[in-house]
Amino acid sequence: MAGVRLQNVTKRFGDLAVVKDSNFEARDHEFIVLVGPSGCGKTTTLRLVAGLEDVTDGRIFIGDRDVTDMHPKDRDIAMVFQNYALYPHMNVYDNMAFGLKMRNLGREVIRERVENASHILGLENLLKRKPRELSGGQRQRVALGRAIVRQPAVFLMDEPLSNLDANLRVAMRGELKKIHQRLQATVIYVTHDQVEAMTLGNRIVIMKDGLIQAADDPIVIYDRPGNIFVGGFIGSPPMNFLRGQVRKEDRKFVFDAGSFKVWLPVDLYEHLENMQEREFVLGVRPEDILDRRTAELQKKDYNIMNAKVEFSEVLGSENYLHLSLGTQKFIAKVDAHINPLPGDHVEIAMDLHKMHLFDPESTQVII
């Protein structure tokens with residue numbers, strides 16, 4: 001296996017730059033996930049690594065080799081696409097073996113590799129079936145098997161689970177984790193699904209408009225987002241953003257959102273001293289907004305407020321309350337048994353010890 005490094009990589013189509021001066025590294029044996037909204041440049045980045053698109057500027061390295069100008073077949077990579085691209089007239093064995101036959105490997109080598117991959121993927125009893133006789137999840141595993149038998153330096157995966165139903169996607173995420181642990185492979189994986197990125201990646205690379213916004217361990221990005229986009233993109237439901245000013249009242253600092261005020265944590269006071277009367281965006285995650293009863297059981301110092309319920313989303317184990325206080329709207333993640341009706345008022349408790357303050361113009365995090 002080998003790592004992958006992008007050095008100041010840019011890709012333009014005419015005057016349009018779809019990947020802009022990208023720098024990141026997928027270390028040897030690491031599972032890296034490129035994630036972002038549609039059109040952010042993540043799939044183009046993957047295609048640049050694969051050699052399916054030409055680099056406009058910059059260099060790409062796989063291991064110690066500069067592969068920027070190499071043909072795809074010489075890069076020692078295997079790619080798994082969104083569509084399975086299986087040969088319909090071939091059975092599972094032949095689909096997995098086809099690429100090895102084209103490389104003129106011996107029959108015994110091919111048999112050993114296909115049997116090993118089919119054992120890893122649980123396909124031993126399906127080797128004689130045609131693709132039309134397989135479920136979506138089984139076809140996806142065959143596509144993975146076709147990549148595994150090549151024993152490449154790097155696996156590149158472009159939204160391989162997006163054609164599966166919700167339950168099967170969850171199951172296949174677990175399978176991919178186990179496969180990666182067994183193979184100790186280097187994987188670069190593309191998805192638009194932030195939950196998929198958080199659960200699969202050793203590190204995640206978040207992209208927007210061709211630019212890398214963050215590249216780090218998923219929990220680090222979740223706890224310490226660098227800007228408003230990252231804070232809102234990672235997390236389900238997304239981070240709440242409230243606009244207002246920092247003020248000092250009775251020797252305490254408050255965040256004044258107009259229709260309500262919240263006391264800010266004492267341990268932030270030294271940072272807030274020079275931030276008075278400035279406009280900020282306060283970011284607080286839905287799980288840090290509790291119903292009052294739960295907050296009182298935790299015996300913490302919360303801001304208690306009375307908010308209006310706009311609507312709720314019950315998910316079985318939890319309930320997302322969509323609330324409003326004046327013109328400000330936000331989401332609280334509460335117990336599923338707390339299910340008020342639209343128009344009701346509920347007392348909620350806001351824990352700001354994990355909050356963030358963002359600059360509304362640059363959108364960068366201040367605290």
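A few remarks follow.
- Breaking point among (1) touching a Ser or Thr at 6+ places or on another chain (Cβ under 7 Å); (2) assigned to a helix (DSSP H, G or I), for Gly99: (1)
- Residue count for region 24-52, restricted to those that are open to solvent by 20 Å² or more (accessible area, probe 1.4 Å) and more than 17 Å from Ile234 (Cβ to Cβ): 9
- Among the residues of region 319-351, the ones that are surrounded by fewer than 16 Cβ atoms within 10 Å (Cβ to Cβ) and assigned to a strand (DSSP E or B) come to 5 in all.
- Filtered by the rule that a residue be open to solvent by 60 Å² or more (accessible area, probe 1.4 Å) and in contact with a helix residue (DSSP H, G or I) (Cβ under 7 Å, 6 or more places away or on another chain), region 97-127 gives Lys101, Glu124.
- Any hit, region 6-18, residues being of a type outside the set (Lys, Arg), under 19 Å from the mean Cα position of the chain (by Cα) and buried (at least 19 other Cβ atoms within 10 Å of the Cβ): no
- Each residue in region 292-307 was checked for being surrounded by 15 or more Cβ atoms within 10 Å (Cβ to Cβ) and touching a Pro at 6+ places or on another chain (Cβ under 9 Å), and 0 of them qualify.
- Filter pass, Ser135 being touching a Leu at 6+ places or on another chain (Cβ under 9 Å), closer than 19 Å to Met172 by Cα, surrounded by fewer than 19 Cβ atoms within 10 Å (Cβ to Cβ) and of a type in the set (S, T, N, Q): yes
- Looking across region 178-193, the residues that are in contact with a helix residue (DSSP H, G or I) (Cβ under 9 Å, 6 or more places away or on another chain) and crowded, with 22+ Cβ neighbours inside 10 Å come down to Val187, Ile188, Tyr189, Val190, Thr191.
- Close contacts from region 104-118, counting a first residue that is more than 12 Å from Arg150 (Cα to Cα) and free of Cβ contacts under 8 Å to residues at least 60 places away in the same chain and a second that is surrounded by fewer than 14 Cβ atoms within 10 Å (Cβ to Cβ) and aliphatic (A, V, I, L, M), with Cβ to Cβ under 7 Å and a gap of 6+ residues or different chains, come to none at all.
- The residue pairs whose first member lies in region 341-364 and is more than 21 Å from Val262 (Cα to Cα) and touching a residue at least 40 places away in the same chain (Cβ under 8 Å), whose second member is β-branched (Val, Ile, Thr) and open to solvent by less than 90 Å² (accessible area, probe 1.4 Å), and whose beta carbons are closer than 9 Å, counting only pairs six or more residues apart or on different chains, are Thr363/Ile228; Thr363/Val281; Gln364/Ile228.
- Region 308-318, subset within 26 Å of the chain's Cα centre (by Cα) and hydrophobic (A, V, I, L, M, F, W, C), residue least open to solvent (accessible area, probe 1.4 Å): Val314
- Index of the failed condition, Ile188 passing every other in (1) free of Cβ contacts under 8 Å to residues at least 40 places away in the same chain; (2) closer than 23 Å to Arg47 by Cα; (3) not charged (D, E, K, R): (1)
- Residue count for region 281-324 under the criterion of being among the aliphatic types (A, V, I, L, M) and modelled with pLDDT under 95: the result is 8.
- Under the condition of being open to solvent by 70 Å² or more (accessible area, probe 1.4 Å) and either charged (D, E, K, R) or assigned to a strand (DSSP E or B) (or both), the residues counted in region 352-367 number 3.
- Residue count for region 65-96 satisfying the condition of being open to solvent by 40 Å² or more (accessible area, probe 1.4 Å), assigned to a loop (DSSP other than H, G, I, E, B) and in contact (Cβ under 8 Å) with a residue 24 or more places away in the chain: 8.
The values are calculated or read from the model by the stated rules, or taken from the named source; none is laboratory data. Note that the structure is a prediction, hence the values are computed from the model and not measured. Every residue, glycine as well, gets a Cβ built from its backbone with ideal geometry; the counts of neighbours run over all protein chains shown. Heavy atoms of the whole protein, side chains included, go into the accessibility calculation; ligands, DNA and RNA do not. Shrake-Rupley method; radii C 1.70, N 1.55, O 1.52, S 1.80 Å.
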